[in-house]
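Reading through the structure tokens given below for one structure.
The values are calculated or read from the model by the stated rules, or taken from the named source; none is laboratory data. Bear in mind that the values here come from a model prediction, so they are computed numbers and not experimental data. Heads up, the Cβs are rebuilt from the backbone with ideal geometry, glycines too, and the neighbour counts pull from every protein chain shown.
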Amino acid sequence: MSYSAKIGPSILSSDLSQLGNECKRMMECGADYLHLDVMDGHFVPNITFGHPMVECLRNTLGPDPFFDMHMMVSRPEQWVKPMAAAGANQYTFHLEATSNPGNLIKEIRESGMKVCLKTEPIAQAGLAIKPGTTVSWLRSQFPSLDIEVDGGVGPSSIHKCAEAGANMIVSGSAVVSSDDPRSVIALLKNVVIEAIQKRSLDR
């Protein structure tokens, strides 16, 4: 199996006035990547930040952290090039937000965001779907695919995510607001690793 357990804290749950330091703290606590939620006030009611903030974080943190952009925006096509230029690695868009997902994926790749090869810090195209969509079959159909779960994931729910085949875990307040984020990240990661190993033995 070519996929591995990856834990990505959602930085929107952190102290936004200390965003750079909070990102550094998460990486020092064992995070594999950083999950950045971009909301435009149209596709979803909230407004967060855009590519200028991403560029500032990239300049502050350097080239190593993997930036997973969750684009909750109504026109994801318009932000592909700005996000790529700002230092984004993975561009996840919502199917409902575009009329031509195939072309959008092509644009993402052409902007330098490519399919991840091994551990190289290059980008991927991601597709987000709504919670009610059944996805447990994905792991059996696509054994090397990165499958990410985002929303309400913590120590109490990680087992179900791992058993369903997820290997990229986004966790917000469960990690960021914890008194010991290092231990929470390690717990989440160990559960996913155990599920991957079990699945490998069952094959």
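Some points to look at:
- Filtered residues of the range 78-95 (kept if out of contact with any Lys or Arg (no Cβ under 8 Å at 6 or more places or on another chain) and either modelled with pLDDT under 90 or surrounded by 17 or more Cβ atoms within 10 Å (Cβ to Cβ) (or both)): TRP79, VAL80, MET83, ALA84, ALA88, ASN89, GLN90, TYR91, THR92, PHE93, HIS94, LEU95
- Residues that are surrounded by 16 or more Cβ atoms within 10 Å (Cβ to Cβ) and over 23 Å from GLU110 (Cα atoms) do occur in the range 61-74.
- Applying the condition of being of a type outside the set (Lys, Arg) and not in a loop (DSSP other than H, G, I, E, B) to the range 98-110 and asking which residue is farthest from MET72 (Cα to Cα) yields GLU110.
- Among (1) buried (at least 18 other Cβ atoms within 10 Å of the Cβ); (2) at pLDDT below 95; (3) of a type in the set (Val, Ile, Thr) - the single one VAL54 does not satisfy: (2)
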